[in-house]
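These notes are about the structure you will find just below.
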Amino acid sequence: MPTPAEIIAARHNNENLPVSSNTNEDSYFSDNEVVGNESTTSTKASTPTPSLADESAFPALGGGKKSSGTATPVVGSWGPSMKAPVTPVKAASPALKSKSTNTSGSTNGASGKPKLSNIQEAFSLDAEDQIKIDNKDFFKILTSIKTETNTTIECTTSQHTKKRTYLITGKPEDVSQAKRLVIKQLTKPVKSTFTVPAKLRSRIIGPQGKTLKPIIQANEVRIDIGNLDEVEVEDEVEDEEDEEEDEDDLFSKTIKITIEGDAEGCKRAKSQILAIVKEETKNLTAKIKVSDIVKPFAIGQLKSIVEKYNTLDISIPEYKSSGNNILVYGERELTIQAKQEIKTSLESLSEKIIVEEVAIPVIKHQFLPIDKILEEDNVLIKLPIEPETNVKFIGEKKKITQAKEKARQTSSQFKVEILDMSKAHKGNLKHVKAVAAFLDKNGTFKTISNENDLVVKVPEIKTLSDDEVSSIPIEIVSKNGEPEKTLKARKSIVQVVNKITPDQTKVIEDIDEFLLAKVPETINEIAKINNVDYVILGKTITLFGEEKAETDDFDFVETTDTSIGLSKVDEALNKLRELSSTLESVVLSVPSKDQADISGPKGTTLKSILNSVEPNSVVVKLHSNGTGKSDNEILIHGVKSEVGKVKKDIESVLADVKEHGNAYSSVIEVPTHVLSRLIGKAGANLNALRDEHGVKIDVSDDGKPEDNNKDKNAKTNLSIVGIKRNVEESKAKIIQLAKRWADETTSRLKIENQYHRKLIGQSGVYINRLQDKYNVKIRFPSAGTSTPTDNNSSDSPKHKDEVTIRGASKNVAKAEEELLDLYNYEKENGFQQTIKIPIKAIARVIGKAGETINDIAADTGIEYQFKRDNESEEKTGFAEVELTGSRTALKQANKKIQEIIEEIENFISVTINVDPKYHRDLIGQGGSVMKQIIAKAGGDDLPRNRYFRLLNIPNEGTGSDEVTSQGDKSIVDKIVAEVKRIVAQKESEVSEEFELLKEKHRLIVGSNGHIRHSLQDEFGVSIDIPRPNDESSIIKLSGLPENIEKVKAKITELTKDDWNESIDIPSKYHSLVSERGAIFKKLKTDYNVDVQHGLFTRQAAKLSNSSIPTPPESAIPTDDNITTLFTIVNSEEESNGEKEESLIPWRLKGSTEDTAKAAKLIEQRLENAKAANATGWYYSKNPSTFSKVVGPQGSKISQIRNKTNTFITVPRAQDKNSNFIYLIGTEENLNAAKKEIDAALK
């Protein structure tokens, strides 16, 4: 039976209770229990007990019909004076269940003004929840609450259950306060315990209690949250695999939360905490481990599940990746469902997969089509890892047989021949290894590969650098076993290897190993200038001089001595030799166990230390003392100044570890709105920072990435723990990133998908230019999908018609403006056109797997849509395709399609008979003539399959004379006409010999033969010129008679003499007349005359640059006190090393007047040279005084030469005999010159 208290609360809450006729169990409190707002009314004990049906005793609080959005007014006060009948109601409401009702004051007629609205709230307290106090204290507490809150509180008690029901009337905020005080002061403290996910502990507490404190203060409770070391696992029976899978489930482990306080406060506090938990637990990350055997097939197997759960982020590792976990992230329930389906699907797949081992020779492993077979047959070929020997085929049994056969067919197509280079150069292994590396570096092996349509493989640099390796196997891989090509390639390799002899190289082994990394930056530039290349194997640098490639044509080019270039590069390395003196080695004594702290997690600490100094300036070797392994020592070797810094940093790290261990911690604040960027997708960025610096980084849970844009001033704490150096470095990096990202913004533009290709441009040319110009990131939706694949990223497009721009706000605005301008331009150029295509041409227009039409679309930027209707096509003979794009694009696409249609409709095949002796003339060298015929006919741009059908000439030796041409009629007709023309021309051609001075051959050859080629092209003739070592001067001309006459005239014009004067100087006088080459500059400067020597250019240059002879013993003073000495030697005229006298032509080019003057000067010098019969040697102990003899800009020496008619050579400081001035002339002239020199030196 319900008590009166229950009925009161129930009626107030609009609930129904069954009514019993027995009402004697229930009674009111004594009159003092009803506390009014202004006075307390007493009721005598003789007052009759009211009936349960009496509305005045038990009013329906808040009863009656309510209007929407407004409280129902209650007339009068709640108490015994109310006599209205009561409606039967249901069972009593639970304790603390309450209902509030708005009340208003009475009105005085229609004109009365309403008073401020009050509300009523009723609630009940069970007997077991109430504190035990006497009535006096009870009334005292109730009166105090009434006075404090300015409310009316009425109360009734069930005599049977002792449950008390309260009705509080007053303003809303007062009623709420009064209720809290009643519950707090009249109920026993309660304790509520429940569990929450352990990883949400910090989120519930908030930074410095920011979240938890308001809950405690508002509800006046005490809350105890368990520590992380008190974590409970929900299911401790899970096996190891399940535990590993649940590592990323934030909610798999829980902690206890205990709340102590009054019942209402505990209830509210618990509700608020669970609201936080609910918000945080809406998403889940699940991890499913996938075995190595199943991993290669997981992507294909799970494709349907990924499509089914497209709102989840499902990451499946590729078979080549190191990861073995499938990650699923998204809504919790969906994630759990997807996880179970994935596990079931993988288990089903695992049962079907078998492994078959096959013995395949190791040399064939490189030819196995692993990716192709995996893609086509869903079978993985796994190569053996030592000590395994067999190849494994992994997949479904029914597919493995076919995969093995494909692998056999593919690998059997290749033949490998091994050429061991170690036998070259009489077993000079070090030289041959360097040659192998050099030929691989300069592309020689690649060239041989391309020329012979095979592959040449060379051992890796690491192998060649190993001194213990005694063989150098060169693999020659040919397809379909073509022995001719293999033999040719082998021969080419042997030739180029043998050609590079040790004396053509320079081996350098005196560079410190530490400095080898600086070699490229030291010598690359000078090596290029001097045509020198190099390789580094281990500690050895090998320099190679330039090798001139042989050509069919020849050119008159001076060759340089490669030893000079090698020496110059070697001299450049002196910088590193000098730097060796600045190197220092320091050995630190550090216990072996402490050296792990210097290295840091995954070497991060040591990497940080080395990054703080100049790159490649220091090397640190742990457990080493420089001479060998040493457990308790560390070697620091490098540039002296940098070694000191590294030593200091290592000592600092050791001191930090000693003080803080590996648990030094620091907390930094970052703007909350950049948190998602810092964390990255699936924590990628944060994990990268952790790995880079070897630290633990935790993000406080008050910073939620999804709230990034709500408060730009909000901050989130990051806790960084690790080795102090690493912590401080990562801290600086994060602060730097946060500052950069703080100004970043993302702009989302609505741009229809059909315009994206045009905005991106071919190979991204337009969009990359914008990104580089404004330093922003522009993202388009993934091609071929309606939604972006990377939709978890904050700047990912959300749908197919959206483009995002992310970067600094100013740059984003500029990039957006420019992109929209381009978009508007393209939008204005979007048009459609329908083209009718004959049925017989439709297959060619589409192409294999749509290749042709897709190429047209890609090239022109149009979009296409075929409108196929079989019935209409049979009736009209045409199919329709609708094109969309700009007018220009439509025009281009239409043209390409019409070309295909015309080709189909105009296709013909023509065969003509041509004498086989003319076939080579139709082909030309390297197919050049055939290519010209096709290009001239307009077939140059056709696809390969159609191009090669345009002109087909029988192979030599077949005996066939049929030349065929297939293709478009207009092109074929031109090709046939051109073939006939060439044949007719060849039939009419004659050959004629033309004699031309050998020295003039070069004038019609030109550099790389370009003059000869241009003559042949211009006049349509063939010109055969003897090689330089051929004594013949006869040139053979072949062609039409009229063309031969024309080319002869042209050759005559090109080879006519262009000099005015020519003087033949005997070779023995050349160096004297030329003043060892100085005269040529004088002739150019003073007379504007150039001098050429024709075919004697090299000999003339050698004579001009010849050094002065060694002084005779008589010219060398025997007394150290002698400061100067002049010696004259009467001897036969010197020959300058010429065994046979020859004449050097001096051909003077310039105006007639100038060349005449120059000739006179040269002839005068020649006479002086012929008259010279003595040699003079002027010795000076102090050769630095010779500058007085030379004078400003050579004025003094010129004056002496002219005055005495003597040939005088003043040595340079670096010359071998720098103490001697060399003089040639008559004895009289030499003495005169000696006097002039003496005068100059005074």
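The values are calculated or read from the model by the stated rules, or taken from the named source; none is laboratory data. All values derive from a computational prediction rather than experimental measurement. Methodologically, a virtual Cβ is constructed for each residue, glycine included, from the backbone with ideal geometry; neighbour enumeration extends over all protein chains shown. Surface areas here come from the heavy atoms of the whole protein model, side chains and all, with no ligands, DNA or RNA. Shrake-Rupley method; radii C 1.70, N 1.55, O 1.52, S 1.80 Å.
Numbers at a glance
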{"item": "E482-R920 pseudo-label distance in nm [points 7 Å out on the Cα-to-Cβ vector]", "result": "2.2 nm"}
{"item": "Spatially close lysines, pair count over the range 158-234: Cα under 20 Å, gap of eight or more or interchain", "result": "14"}
{"item": "Built amide H within the under 5 Å cut-off of L537, gap 5+", "result": "T542"}
{"item": "Calculated FRET efficiency for the pair E546/L383, C-beta based, R₀ 45 Å, to 0.05", "result": "0.60"}
{"item": "Residue-count net charge about I760 - beta-carbon cut-off 13 Å; Lys, Arg +1, Asp, Glu -1", "result": "+3"}
{"item": "Entries of K1203/K1235; K1160/K1234; K278/K303 with Cα pairs more than 22 Å apart", "result": "K1160/K1234; K278/K303"}
{"item": "Debye, to nearest 20: dipole size of the range 868-943, +1 on Lys, Arg Cβ, -1 on Asp, Glu Cβ", "result": "560 debye"}
{"item": "Span from the the range 146-187 Cα centroid across to the the range 615-672 one, whole angstrom", "result": "71 Å"}
{"item": "FRET E, pair S1151, T1085, Förster distance 22 Å, beta-carbon r, rounded to 0.05", "result": "0.90"}
{"item": "Carbon/sulfur fraction of accessible area - the range 734-877, other protein chains in place, 1.4 Å, %", "result": "45 percent"}
{"item": "Cα-projected label distance for Q898 with K1056, points at 7 Å along beta-carbon direction, nm", "result": "5.4 nm"}
{"item": "Theoretical gain in end-to-end length, N685 to Q495 [0.36 nm per residue, Cα-Cα removed]", "result": "63.0 nm"}
{"item": "Sequence-separation-based contact order of the range 239-389, relative, with Cα cut under 8 Å and 6+ spacing, percent", "result": "21 percent"}
{"item": "Using a Förster distance of 35 Å, the FRET efficiency for F878-S782 (Cβ separation, nearest 0.05)", "result": "0.45"}
{"item": "Note, ³J(HN,Hα) from phi for the range 882-888, Karplus 6.51, -1.76, 1.60, rounded to Hz, x at Gly and Pro", "result": "9, 9, 10, x, 6, 4, 5"}
{"item": "Sum of side-chain charges, Y1178 neighbourhood, beta-carbon under 15 Å (Lys, Arg +1; Asp, Glu -1)", "result": "+3"}
{"item": "3J(HN,Hα) from dihedral phi, the range 895-905, Karplus parametrisation 6.51/-1.76/1.60, rounded to Hz, x for glycine, proline", "result": "5, 5, 5, 5, 4, 5, 4, 4, 5, 5, 6"}
{"item": "Listed pairs K1000/K1050; K696/K733; K404/K479; K339/K397 exceeding 22 Å between Cα atoms", "result": "K339/K397"}
{"item": "Neighbourhood charge, 10 Å Cβ-Cβ cut-off, centred on K406 and excluding it, Lys, Arg +1 and Asp, Glu -1", "result": "0"}
{"item": "3J(HN,Hα) from dihedral phi, the range 999-1006, Karplus parametrisation 6.51/-1.76/1.60, rounded to Hz, x for glycine, proline", "result": "5, 9, 4, 4, 6, 10, 9, x"}
{"item": "Gained length - S567 relative to K372, 0.36 nm times residue gap less alpha-carbon distance", "result": "65.0 nm"}
{"item": "Cα-based Rg / Dmax (Å) for the range 605-760", "result": "21.2, 69"}
{"item": "Segment I908-V355, extension gain: residue separation times 0.36 nm, minus the distance between their alpha carbons", "result": "193.5 nm"}
{"item": "Cα centre as origin, Lys/Arg/Asp/Glu Cβ charges: the range 1090-1242 dipole, Debye", "result": "620 debye"}
{"item": "Residues with amide H under 5 Å from that of I131, placed H, sequence gap 5 or more", "result": "T187, K188"}
{"item": "Under-5 Å amide H pairs with Q159, H placed in peptide plane, nonlocal only", "result": "S27"}
{"item": "Burial order of peptide ranges 866-877, 914-925, 144-155 (average beta-carbon count within 10 Å, highest first)", "result": "144-155, 914-925, 866-877"}
